[in-house]
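The values are calculated or read from the model by the stated rules, or taken from the named source; none is laboratory data. Fair warning: this is a prediction, and the values are worked out from it, not measured in the lab. Note: ideal-geometry Cβ built from the backbone for every residue, glycine included; neighbour counts use all protein chains shown. For accessibility, only protein heavy atoms count, side chains too; no ligands or nucleic acids. Shrake-Rupley method; radii C 1.70, N 1.55, O 1.52, S 1.80 Å.
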Amino acid sequence: MALQEELKTQGDFLFRYRSYLPLCIVPFFILTIFTSKTYLFEDGQYNTILVIMAIVVGCLGQGIRIWVAGFVPRDTSGRNTKEQKANVLNRTGLYSIVRNPLYLGNFLMMLAPILLLGNWLFAVVFALSFWLYYERIIFAEESFLRAKFGLEYIDWTLKTPLFFPKFSGYIPSDMTFSFRSMMRREYNSFFGLTFSLFVFHYVIAVIANWQKDGNIDFVLPNPILTWFFGISAIFYFIIRIMVKTTKVFEVQGR
């Protein structure tokens, strides 16, 4: 099989299972805690700077996803996994400054809990692994979009960078921002962000405490992350019930 076809085959496979990437990080995350020094929890105290840094980075990624989700039309920028899907080519809004804004948002959201370790080498390894993983997904997506939209797509790629935004090329979206469409698309990802931050920080604290005195004792969660997670959990269950039982968040064409 030629390299081009091999990359596309790998990309299609990884595209289908891309939602499981965060689970692949967990064992390496725990291994890093056991084998290297972490800086989140020492002497019964949390490193507030690391906590705030992780929240800011995660919310920046979520903000990017919110911006995209509020403007895009139906059947684009979705969570479909079985096949590539795009009825139109998004070229305005964030798509005018970067071709893969959702993946940029995903990267920042997955990087957030890793920052809690304070282990910059692991953060770099994660960034490189993310790139290798998503490079193949992007290759498969671009093969599909190039075949469907032809010169229109090629012209857009020549003007718009792949992953690092070029702000000078911004073109306002030709659609209005839909709060309801955004809520339907993104309430899951916001809860996933707060849940991962809460669980990861607590795992770090428990293991760090065990390494210090050899006992698995109860450790108080960080209050900032506890409130962040608690509020988001209430928000998540309210929105989920509304999404499942009403059509409040259904918007025509979105």
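Only residues that are without any contact (Cβ under 8 Å) to a residue 12 or more places away in the chain and buried (at least 16 other Cβ atoms within 10 Å of the Cβ) were counted across the range 197-214, and they come to 0.
The condition (being at positive phi and modelled with pLDDT under 95) is satisfied by just one residue among 150, 169: 150. Assess whether residue 127 counts as being under 30 Å from residue 207 (Cβ atoms), open to solvent by less than 20 Å² (accessible area, probe 1.4 Å) and free of Cβ contacts under 8 Å to residues at least 40 places away in the same chain. It is false that residue 127 is under 30 Å from residue 207 (Cβ atoms), open to solvent by less than 20 Å² (accessible area, probe 1.4 Å) and free of Cβ contacts under 8 Å to residues at least 40 places away in the same chain.
Note on the range 167-192: residues that are out of contact with any Ser or Thr (no Cβ under 7 Å at 6 or more places or on another chain) and within 30 Å of residue 54 (Cα to Cα) total 16. Kindly provide the set of residues from the range 238-249 that are assigned to a helix (DSSP H, G or I) and either among the basic types (Lys, Arg) or more than 20 Å from the chain's Cα centre (by Cα) (or both), ordered by number. Those that are assigned to a helix (DSSP H, G or I) and either among the basic types (Lys, Arg) or more than 20 Å from the chain's Cα centre (by Cα) (or both): 238, 240, 241, 242, 243, 244, 245. Only one of the listed residues (217, 174) is closer than 30 Å to residue 36 by Cα, in a loop (DSSP other than H, G, I, E, B) and either touching a strand residue (DSSP E or B) at 6+ places or on another chain (Cβ under 9 Å) or not aliphatic (A, V, I, L, M) (or both). That residue is 217.
Taking residue 99 as meeting all but one of (1) open to solvent by less than 40 Å² (accessible area, probe 1.4 Å); (2) in a helix (DSSP H, G or I); (3) in contact with a helix residue (DSSP H, G or I) (Cβ under 7 Å, 6 or more places away or on another chain), write down the number of the exception. Exception for residue 99: condition (2).
Could you tell me which of the residues 160, 176, 194 is open to solvent by less than 30 Å² (accessible area, probe 1.4 Å) and more than 23 Å from residue 227 (Cβ to Cβ)? Going through 160, 176, 194 in turn, just one is open to solvent by less than 30 Å² (accessible area, probe 1.4 Å) and more than 23 Å from residue 227 (Cβ to Cβ): 160.
In the range 215-233, which residue that is among the aromatic types (Phe, Trp, Tyr) and open to solvent by 80 Å² or more (accessible area, probe 1.4 Å) is farthest from the chain's Cα centre (by Cα)? I'd like the intermediate steps shown before the answer.
Initial filter on the range 215-233 (among the aromatic types (Phe, Trp, Tyr)): 218, 227-229.
This time we only want the ones that are open to solvent by 80 Å² or more (accessible area, probe 1.4 Å), so: 218, 227.
Details: 218: 30, 227: 21 Å.
Ranking the qualifying residues of the range 215-233, first place goes to 218.
Here residue 89 clears all of (1) open to solvent by 30 Å² or more (accessible area, probe 1.4 Å); (2) assigned to a loop (DSSP other than H, G, I, E, B) except the condition numbered (1).
Among the listed residues 60, 40, 50, which satisfies the condition of being among the hydrophobic types (A, V, I, L, M, F, W, C), modelled with pLDDT of 90 or more, surrounded by 13 or more Cβ atoms within 10 Å (Cβ to Cβ) and touching a strand residue (DSSP E or B) at 6+ places or on another chain (Cβ under 7 Å)?
40
With respect to being open to solvent by 20 Å² or more (accessible area, probe 1.4 Å), part of a helix (DSSP H, G or I) and closer than 26 Å to residue 56 by Cα, residue 132 fits the description.
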